[in-house]
Amino acid sequence: MCKNVPKCAQCDGDHHSLDSQCQVLKEYKDQLKEDVEDAIQKGLLQRFSPQEKAPAFERREQDFPPLAASDNHSNKKWNTALPRTTVELNNLRASYTDKTIESINDNLTKLIDSNKRLENKVDLVSSSIKTVTLDIQLHQAVLADTINIMKDFMQYVIPASLTASKVERSSLVHVTNEYYKRLHVASSRLINGFQLNQLNQQAELLVHNTNIDQHSASVHKSSQNDNPIDEAMHRLKAWNFAPKDQKLVSSLLDEWYTGRTLNTVLEQWGNVGIAPSQIQKEHIKILCYNVEGWGTRALEAIDLVYQIQASIGIFTEVGELWNMSRLPHFNTFYQKGTNKNGGVCIAVGKHLKATRIEVNIPNTVVIDITGLSEPVRIIGIYWPTSQQRDLDDILPYVVEGTILSGDFNATVKEWNSPITDRRGAHVKEWINENNLNYIPSTYNSSKRSL
């Protein structure tokens, strides 16, 4: 609570801080006076005498020289400029416009380069994500197979080994070796799959870096590429392309650069068409495989395609995850089934031209293929055991050169099956009635069905 009583900040007395009765202030003044007297005696300070007068002002001519006479009749004016002519104004405007356009072009070039760098980073990240996704799918597929192997081993081998006699146990050695081989195959699939994914990523990075080099060369070294044909042929030789491929590319580049307009070149190429090869004929390889769920068996199917070097793959019972992992360098055509586990896919190598025939039949895909010595139609079918189906529904699509394949869930003894079941007899009768021929397979991926 304030009592309105002054308190000195110097000595804590009952007076103001600058009051003359403050003992601290008196000591300070006395000390200051002694310091000043001492400085005057030492010559550091001089005492001012008020009796001395300042010197009188004296005007001297040399301090104020006369100014030069000005020419009042001159026409010169300060900060003025002559009016510009129309030509000069136009030149200034043109120069300003050129500088503005040049500045805009520089900004656009920087923006394009920035976008290119961003796209390159996104491509690298996408390639890494794709590789990780493939590795995860490979893990899932191999893990599913390993679990099935272990489940079968624990269900059939272990109980038999515990209950069998010593003589009977010796017969289980062969069965155990078979399970070991299955596990070894799963391990090999995992290792080879990882290596394949890494090689694919390295190949994509190589192509990506090549595209970057080509873009950089076209932007920064365009003066050195006066002849693009020679530059292209030099790259083909550096990449060890075959001489026939180099010759083909050279002819295409000649036609491209000698054509007067783009329409002329495209029309010339369109008139060439696809000439059938008369030098040698090569058999087309078709793989028909029931994958029982593409989501978990995709890598196994892809491995089979490359193992037998198939140009066409017919995959049945692919399920709803058919688009989860595409077959590289193949065009895939899908038709859904009657349930979530059904569906058919036909994969055609991109070196062939494939055209889909629209069919509103579940578990059925019809594809026309050209680019061979003669056109071929492929019909892929999946016929579940629980589905009632009339094979006559596909007769309108069976033309000359048609190959009908798939999983019919039927067995025919004459076609290397253990027995002929009811559906197998029906399929065989339908084939004979429609003058079709059965083509035996060269490699059996499964002996459960046709």
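Values in this text are rule-based calculations from the coordinates and carry no lab data. Being a predicted model, the structure only gives us computed values, none of them experimental. Cβ coordinates were reconstructed from backbone atoms using ideal geometry, including for glycine residues, and neighbour counts include every protein chain displayed.
Approximating the spin labels as points 7 Å out from Cα along Cα→Cβ, the Ser20-to-Ala144 distance works out to 10.9 nm.
Extension gain, Ser250-Tyr180: 0.36 nm per intervening residue step, less the Cα-Cα distance, totals 19.8 nm. Computed from label points 7 Å out along Cα-Cβ, the spacing between Ser188 and Tyr257 is 5.0 nm. If r is the Cβ-Cβ distance from Glu320 to Asp230 and R0 is 56 Å, what FRET efficiency results, to the nearest 0.05? Taking R0 as 56 Å, the efficiency between Glu320 and Asp230 is 0.60.
Net charge of the neighbourhood of Val24, taken over other residues with C-beta under 13 Å away and scored Lys/Arg +1, Asp/Glu -1, is -2.
Which entries in Lys285/Lys336; Lys116/Lys285; Lys247/Lys350; Lys7/Lys29; Lys237/Lys350; Lys110/Lys237 show an alpha-carbon gap greater than 31 Å? Exceeds cut-off: Lys116/Lys285; Lys110/Lys237. 7 Å from Cα along Cα→Cβ at both Val398 and Val5: what's the point-to-point distance in nm? Roughly 12.5 nm, to one decimal.
For segment 294-328, backbone nitrogen atoms closer than 20 Å to the point 7 Å from Thr133 Cα along Cα-to-C-beta are found at 294-303, 318-328. For the pair Lys413 and Gln198, a Förster radius of 51 Å applied to the C-beta separation gives a FRET efficiency near 0.65, rounded to the nearest 0.05.
To the nearest 0.05, what FRET efficiency results for Thr163 and Thr385 with a Förster distance of 35 Å applied to their C-beta separation? With R0 = 35 Å, the Cβ-Cβ based efficiency is 0.55.
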